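Every number in this text was worked out from the coordinates using simple rules, so none of it is lab data. Just so we're clear, the structure is a prediction, and the values are computed from it rather than from any experiment. Every residue, glycine among them, receives a Cβ derived from its backbone with ideal geometry; neighbour counts consider all protein chains shown.
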Amino acid sequence: MEKKILRSGFVGSGFAARFHYDALQHVFSTKIEVAGVFSVARQEAEDFANQRNMVVFDTMDELIDASDVIHVCTPPVTHEEIVIAALAKNKNVIVEKPFTGYFGDGTKEFSGKTFSREEGLKHTVESVKRMLDAEKNSEGRIMYAENWVYAPPVQKEREIIEKSKAQILWMNGEQSHSGSHSLAYGEWRFSGGGSLIGKGCHPLTAVIYFKHVEGRTRFGMPIRPKTVSARVHSITRLPNFDDQGYLKTHYKDVEDFGIIHIEFEDGTIADIVANELSLGGTNNWIRVNANNHRTLCNMSHNNTMETYTPDEKFYNDVYVVEKTETKQGWSQISPDEGWFLGYQHELNAFYNAAAYGSEIESNSKLAADTVATLYASYVSAERKGAEVEVSIL
């Protein structure tokens with residue numbers, strides 16, 4: 001059968017657009033033509049396009065009209081507007097995480113330290129509803145770009161849950177490293193939060209996904225999060241923090257540590273840790289404790305490849321692993337980090353769905369559950385860990 005040809009359009013031309021484009025080179029489920037890119041940062045867009053022989057569009061509408069699949073690779077504050085615009089034109093839309101959120105009242109004086117978390121949750125839920133409504137009225141679909149869902153260890157555990165008909169009793173997971181290089185990440189009005197949003201979204205989506213899978217397998221419908229208890233902290237802003245220069249400390253009004261305890265509809269539980277306080281590269285893992293098995297999904301670090309050098313100057317041009325501070329000594333090197341973290345598998349699955357109508361594992365329901373859980377967690381943290389119900393949409 002002749003493979004369908006789909007046209008890709010990129011909104012945004014920064015870090016996310018670069019790794020989306022790189023992952024796109026591994027898509028084999030269909031043929032792809034890159035229509036081009038649009039960004040409000042015109043010079044950045046031109047640099048991005050020139051390096052990849054792409055067209056720069058003058059308006060977002062023109063890009064959407066010329067594309068079949070839209071990649072939303074912009075800051076989360078812009079996601080709702082772009083997603084709804086693409087769906088209105090019946091286009092499939094791949095939207096980066098976080099799905100949406102609350103980004104303040106639009107003033108420069110807004111501070112993430114002082115606003116009501118209940119107000120933030122309310123605005124977030126309303127944003128999610130508008131996006132889900134737009135999808136219902138569209139021939140296009142929302143594809144939530146949570147790469148952890150498509151990471152090979154997570155998809156293998158999906159198979160185990162389905163074939164063994166397991167009941168998951170308790171899960172825990174983590175993403176942590178020494179902090180983001182992005183200055184925008186440290187301001188709530190751009191990022192919508194700190195460690196919980198920027199890092200906790202990954203393991204949180206994975207544990208919610210596993211309960212969706214379990215529920216569909218055993219009962220024909222997903223098991224969804226019911227309540228959360230959470231705490232957040234800003235350790236690098238403490239007066240007594242001794243800064244040795246290894247951790248990022250530019251966070252203006254967001255947390256650098258967060259922990260969430262989730263109870264699901266069936267009474268089972270999960271615990272998530274996310275922080276910017278961990279040296280030595282990114283920690284990405286999920287543990288699943290079920291009634292008939294136990295699994296560790298270890299995306300990084302892992303010992304697939306280990307290497308040693310007495311002086312990191314020899315590895316100046318060698319990529320080792322994300323967010324490592326030094327290449328000197330022993331390193332747990334990732335021979336293909338994009339593969340291990342699911343980026344390539346994610347886009348191949350999305351384009352297969354766009355071309356042939358297959359099911360989407362990381363869909364709008366999963367995105368909605370994740371962001372509703374995250375903002376309920378901020379309400380809980382504001383209440384010093386009190387239990388808060390999750391808004392099920």
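Okay, here's what the table says:
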quantity	calculated
Of 128, 320, 72, the one that fluctuates the most in a GNM where the chain has Cα springs shorter than 10 Å	320
Mean separation of Cα contacts under 8 Å, 6 or more apart, over the residue count of the range 56-117: relative contact order %	31 percent
Taking the range 247-290 and dividing mean pair separation by its residue count, relative contact order in percent (alpha carbons under 8 Å, at least six apart)	35 percent
Most mobile of 345, 261, 26 in a GNM of the chain (Cα contacts under 10 Å)	26
Amide H contacts of residue 71 (H built 1.01 Å from N, under 5 Å, at least 5 apart or other chain)	9, 10, 11, 94
Residues 54, 143, sorted so that the one with the fewest Cβ neighbours within 10 Å comes first	54, 143
Tensor-based shape of the range 213-367 (alpha-carbon gyration tensor, a/c under 1.5 rounded, otherwise prolate or oblate)	oblate
Exposure proxy order (Cβ contacts within 10 Å, fewest to most) of 358, 391, 195	358, 391, 195
Residues with amide H under 5 Å from that of residue 194, placed H, sequence gap 5 or more	255
Alpha-carbon centroids, the range 142-195 and the range 93-113: separation in whole Å	19 Å
Taking 170, 148 and counting other C-beta atoms within 10 Å, the order from fewest to most	170, 148
18 Å cut-off, amide nitrogen to a point 7 angstrom out along residue 358 Cα→Cβ, residues in the range 66-91	69
Shape call, the range 49-142: gyration tensor on alpha carbons, a/c limit 1.5	oblate
Contact order relative to length of the chain, as percent, for alpha carbon pairs under 8 angstrom and 6 or more apart	20 percent
Mean residue ellipticity (222 nm) of the chain, computed from DSSP H runs ≥ 4 via -39,500 (n - 2.57), nearest 500	-10500 deg cm²/dmol
